[in-house]
Amino acid sequence: VAIIRAREKVRKEDRFTMRKLIDQYTLDKNQPPESLDDLVQAGYLRGGLPVDTFTGSNQTWQVDIEEGPFSPEQNIPGAVDVHSGSNAQSLEGTPYSSW
């Protein structure tokens, strides 16, 4: 159980960091990233995408794309949130994909 809790903690921290960087990218560039790879290419995630601790891959993150008014004259679709690609259940009983 201690190992699972540690993995869950790392996943929450990674997700929090990616959400923060999506917001920072959007503010800096005046448009949202089209994908998580945009964060890597622009240097926001210097070490690359973090590995999802339960899928074992950095390619399983699910990105929420929304079209929104990011400036008065722009409605650009882009990343607004990120979730785990795992369908497993957390220790608290919720699916990791809802985190």
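Which condition breaks for E92 when tested against (1) among the acidic types (D, E); (2) surrounded by fewer than 17 Cβ atoms within 10 Å (Cβ to Cβ); (3) in a loop (DSSP other than H, G, I, E, B); (4) in contact (Cβ under 8 Å) with a residue 12 or more places away in the chain?
(4)
When you check P77 against the structure, is it part of a strand (DSSP E or B), touching a residue at least 24 places away in the same chain (Cβ under 8 Å) and out of contact with any His (no Cβ under 7 Å at 6 or more places or on another chain), yes or no?
Here the answer is yes, as P77 does meet what is asked.
Restricted to region 1-23, and to residues that are open to solvent by less than 80 Å² (accessible area, probe 1.4 Å) and within 20 Å of I76 (Cβ to Cβ), which residue is nearest to the chain's Cα centre (by Cα)?
In this case the residue turns out to be M18.
Name the pairs: first residue in region 1-23 and over 18 Å from S98 (Cβ atoms), second residue of a type outside the set (G, A, S) and surrounded by 13 or more Cβ atoms within 10 Å (Cβ to Cβ), Cβ to Cβ under 6 Å, at least 6 apart or on different chains?
From residues that are over 18 Å from S98 (Cβ atoms), the pairs are L21/L39; L21/Y44.
In region 24-44, what residues are in a helix (DSSP H, G or I) and in contact (Cβ under 8 Å) with a residue 24 or more places away in the chain?
T26, L36, D38
So, in region 39-68, of the ones that are of a type in the set (A, V, I, L, M, F, W, C) and open to solvent by 40 Å² or more (accessible area, probe 1.4 Å), which residue ends up nearest to P95 (Cα to Cα)?
The selected residue is F54.
The values are calculated or read from the model by the stated rules, or taken from the named source; none is laboratory data. Not measured: the values here are computed from a predicted model. A quick note on method: Cβ atoms are made from the backbone with ideal geometry, for glycine too, and the neighbour counts reach across all protein chains shown. All accessible areas refer to the heavy atoms of the entire protein, side chains included, with ligands and DNA or RNA removed. Shrake-Rupley method; radii C 1.70, N 1.55, O 1.52, S 1.80 Å.
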